[in-house]
1. Residues in the stretch 349-374 that are at pLDDT 95 or above, open to solvent by 60 Å² or more (accessible area, probe 1.4 Å) and of a type outside the set (K, R): how many?
2. Can you name the residue in the stretch 260-283 that is open to solvent by less than 10 Å² (accessible area, probe 1.4 Å) and within 18 Å of the chain's Cα centre (by Cα) and, of all such residues, is farthest from L367 (Cα to Cα)?
3. For V155, are the conditions met, namely being touching a strand residue (DSSP E or B) at 6+ places or on another chain (Cβ under 8 Å), open to solvent by 20 Å² or more (accessible area, probe 1.4 Å) and outside any loop (DSSP other than H, G, I, E, B)?
4. Only helices (runs of 4 or more DSSP H) wholly contained in the stretch 309-423 count here; list those with 2 or more residues that are farther than 19 Å from A256 by Cβ and among the hydroxyl-bearing types (S, T, Y).
5. Just for helices (runs of 4 or more DSSP H) wholly inside the stretch 24-100: which have at least 2 residues that are out of contact with any Lys or Arg (no Cβ under 8 Å at 6 or more places or on another chain) and charged (D, E, K, R)?
6. Give me the pairs: first residue in the stretch 248-267 and farther than 10 Å from S344 by Cα, second residue surrounded by fewer than 21 Cβ atoms within 10 Å (Cβ to Cβ) and charged (D, E, K, R), beta-carbon distance under 9 Å, and six or more apart or on different chains, which are they?
7. Identify the residue in the stretch 120-140 that is assigned to a loop (DSSP other than H, G, I, E, B) and farther than 26 Å from I224 by Cβ and, among all such residues, is least open to solvent (accessible area, probe 1.4 Å).
8. Please state which one of G180, G214 is touching a residue at least 12 places away in the same chain (Cβ under 8 Å), in contact with a Ser or Thr (Cβ under 7 Å, 6 or more places away or on another chain) and farther than 20 Å from R147 by Cα.
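The values are calculated or read from the model by the stated rules, or taken from the named source; none is laboratory data. Nothing here was measured: the structure is a model prediction, and the numbers come from that model. Please note: Cβ atoms are built from the backbone with ideal geometry, for glycine as well, and neighbour counts cover all protein chains shown. The area values use the complete protein model at the heavy-atom level, side chains included, leaving out ligands, DNA and RNA. Shrake-Rupley method; radii C 1.70, N 1.55, O 1.52, S 1.80 Å.
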Amino acid sequence: AAPPPALPVFLLAGSPRMIPFSLKVLVYKIFQFLLKWSTKLLTFRTPELFSGPGSSLQLCEHIAKTGVKSLLIVTDGMLVKIGLLKPMQEKLQQLGVHYVVYDGVLPNPTIEQIETGLAMLKKEGCTAILAIGGGSSIDAAKVIAARAKNPHKIVHMAGLMRVLFKPMPLYAVPTTAGTGSEVTIAAVVSDPSTTRKFAIMDPKLVPIGACLDGALMTGLPAPITAATGMDALTHAVEAYISRNHTPATDAEALEATRLIMQNLPEAVHNGSNVEARQNMALASFKAGVAFTTAGVGYVHAIAHNFGAYYHLPHGLANAIVLPRVLDFSKPDCIPRLARLAEVSGLKQGGESEAQLADKFIAQVRKLNAEFGIPGQVDKLKESDIPAITDKALAEAHWTYAVPRYMDKPECEDFIRGMLPAAA
């Protein structure tokens, strides 16, 4: 997201070199400190949750009981094609709930896709929205719900607390265990006209009801399972090492990390294991709860731009960037990385905190290698690096309380390390 307009221009990430970076870091830290304390005044509600195999049908029953008569289902074409929606559609029909399906959401949803869904909602007179799919479908549904009740354009909602009025009632059925979008305050939107990917962050965006139905995920292909699982791990890890962590977010992030390390390999290699799928769904939810308050960091700031420039799926982008950011951040968060290693079952006894931190980072790289996730971005161009750097630093420094700050030259070198020729 763009920096708040009230902040002095000379303090931006791409500001003149005569401003010492140490001064900028001080301002970033003060801003994040104020942001942390201001969030204590906010109420981050969680959706009414239904959990377990078959819980998606329980959510349909709940929607009907609330009196919804006309529902917009927001999803993607592939889920419709494979018939994943049929049991829920049949249940809604039995309950007397009319629905219309908008399946035009693609990875990294765009403003145009959201506006198309909004037009269908208005045409059909829908009074509530049910998102079924991965993070892209749920994010798109969040913004459709917000646009349905707010007069301003999507780009004017970018940033913190810019959704003026309560969105249309929204329910979510995640079909991947990764984004945690069913519980977060954020929705990420792409604007191809400006090569920009921005976040809309507001507690009003949290769905009022959601389900964690691991049975829906058993047919998910291994590469998508791996990428979305590493996305969930990124949320947990960045929330845990954030300077804005709290005891509550720590508990959620650690439990999410434990569940992912224990269940993700099984979910990838044996996708029909419903228990592993259910545990991953719970882990994704918990990681979402953690980063809603604590925030994320450089992994997301850089990955968002890889998505905007090259349409790289968000989970895959996060997985590529994560171990590199942990290497960079390590000097300022060794004890926290060591604790992540402990809950991941990596402690054998006698290791120092630094050794445990290294073990955790090595384990992240091991998982990437096991899942066939590359260490580079094939489409990354040297000519794009300065612009990607500026956008990533602007997002990170004014939105996330990262444990260690990097300046523009450092960030450019960091991104350059992911060029195909550099791998």
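1. Qualifying residue count, the stretch 349-374: 6.
2. A281
3. Yes.
4. Details: elements: 314-329, 334-343, 353-370, 385-399, 408-416.
Fully inside the stretch 309-423 and qualifying: 385-399.
5. On the way: elements: 55-65, 77-81, 86-94.
Those helices (runs of 4 or more DSSP H) span 86-94.
6. Short answer, once both residue conditions are applied: N263/E275; P265/E370; E266/E275.
7. Of the stretch 120-140, the ones assigned to a loop (DSSP other than H, G, I, E, B) are 125-127, 134.
This time we only want the ones that are farther than 26 Å from I224 by Cβ, so: 125-127.
Details: G125: 44, C126: 9, T127: 77 Å².
Out of the qualifying residues, it is C126.
8. Details: G214 fails: in contact with a Ser or Thr (Cβ under 7 Å, 6 or more places away or on another chain).
Only one candidate qualifies: G180.
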